[in-house]
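The values are calculated or read from the model by the stated rules, or taken from the named source; none is laboratory data. All figures in this text were calculated on a predicted structure; none of them were measured in a lab. Neighbour counts are summed over all protein chains in view; Cβ atoms, including those assigned to glycine, are modelled from backbone coordinates with ideal geometry.
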Amino acid sequence: MISSKIKFAFLAFSTSFLFAMLLIYLYGATFQHDRYWHGTLLKVQKTEAAIIANLLGDQSFKHLLTLDRTQLHQLFKPLDRKLLIEIVNNGTLFFDNTEHKFTKSTLIQEITHNNTSLKISNYSPPSWNSIFLKWMTRPGRWLSPSFDYITIPFLLFFIIFLCISYALGWRVRSKHLSDHVLEMMHDYPGTKR
């Protein structure tokens with residue numbers, strides 16, 4: 001009796017896990033990945049670019065050229081890996097905070113003053129397959145903030161499928177027991193068929 005309960009629990013957990021994995025992959029590939037990278041994140045990046053543009057007046061823009069690369073790096077450090085900043089002076093690249101392992105995507109905003117321009121671009125998003133594989137192979141980091149947007153829906157899908165599995169198991173068990181009890185009652189002398 002106990003071994004059948006353990007087998008059922010193992011079957012319910014494993015099928016729920018597999019269905020949740022499949023559903024989170026499909027959810028991310030068809031809906032969530034593009035909405036996050038090309039919707040939510042792009043709006044945040046455009047807002048950040050607008051803030052930078054508004055903070056840079058004529059005097060601040062002239063002051064940027066007096067800073068050396070170390071000072072510019074410190075100034076734009078909070079934007080590293082989020083936005084690509086390029087300062088071009090007289091046609092030559094004066095400063096950039098390029099992260100070489102990422103690919104430049106689109107120009108969000110360009111601010112020009114005299115012969116100097118500040119270009120704010122974003123990076124191309126990683127593919128959903130690479131993000132999913134990184135998440136799937138690192139279960140120790142599933143509850144870290146960097147994977148919350150995958151882990152939370154996965155856990156919800158897992159719980160839903162687990163509840164469905166137990167409900168189906170309960171239904172099958174109840175049906176089997178009711179059929180067995182009816183059979184025993186019919187075999188009992190003095191009962192009508």
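Remarks
- Within segment 1-23, tally of residues that are polar (S, T, N, Q) and under 17 Å from L155 (Cα atoms): 3
- Per-region count, segment 97-126, residues part of a strand (DSSP E or B) and of a type in the set (S, T, N, Q): 8
- When segment 77-103 is filtered for residues that are surrounded by fewer than 16 Cβ atoms within 10 Å (Cβ to Cβ) and among the acidic types (D, E), the ones remaining, listed by number, are D80, E99.
- Residue in segment 112-130 that is loosely packed, with under 12 Cβ neighbours inside 10 Å, free of Cβ contacts under 8 Å to residues at least 12 places away in the same chain and under 15 Å from the mean Cα position of the chain (by Cα) present: yes
- A count restricted to segment 52-75 and to residues that are out of contact with any Ser or Thr (no Cβ under 9 Å at 6 or more places or on another chain) and within 17 Å of H113 (Cβ to Cβ) stands at 14.
- From D148, D179, residue being modelled with pLDDT of 80 or more, acidic (D, E), part of a helix (DSSP H, G or I) and more than 14 Å from Y25 (Cα to Cα): D148
- Taken together, the residues in segment 77-95 that are touching a strand residue (DSSP E or B) at 6+ places or on another chain (Cβ under 8 Å) and not in a loop (DSSP other than H, G, I, E, B) amount to 10.
- Checking each residue in segment 1-51 for being of a type in the set (V, I, T) and surrounded by fewer than 16 Cβ atoms within 10 Å (Cβ to Cβ) picks out I2, I6, T15, T30, T40, V44, T47, I51.
- Every residue from segment 1-54 that is touching a residue at least 60 places away in the same chain (Cβ under 8 Å) and among the hydroxyl-bearing types (S, T, Y): T15, S16, Y25, Y27, Y36
- Qualifying residues in segment 144-159 (those that are without any contact (Cβ under 8 Å) to a residue 12 or more places away in the chain and more than 23 Å from A12 (Cα to Cα)) - the one surrounded by the fewest Cβ atoms within 10 Å (Cβ to Cβ): P145
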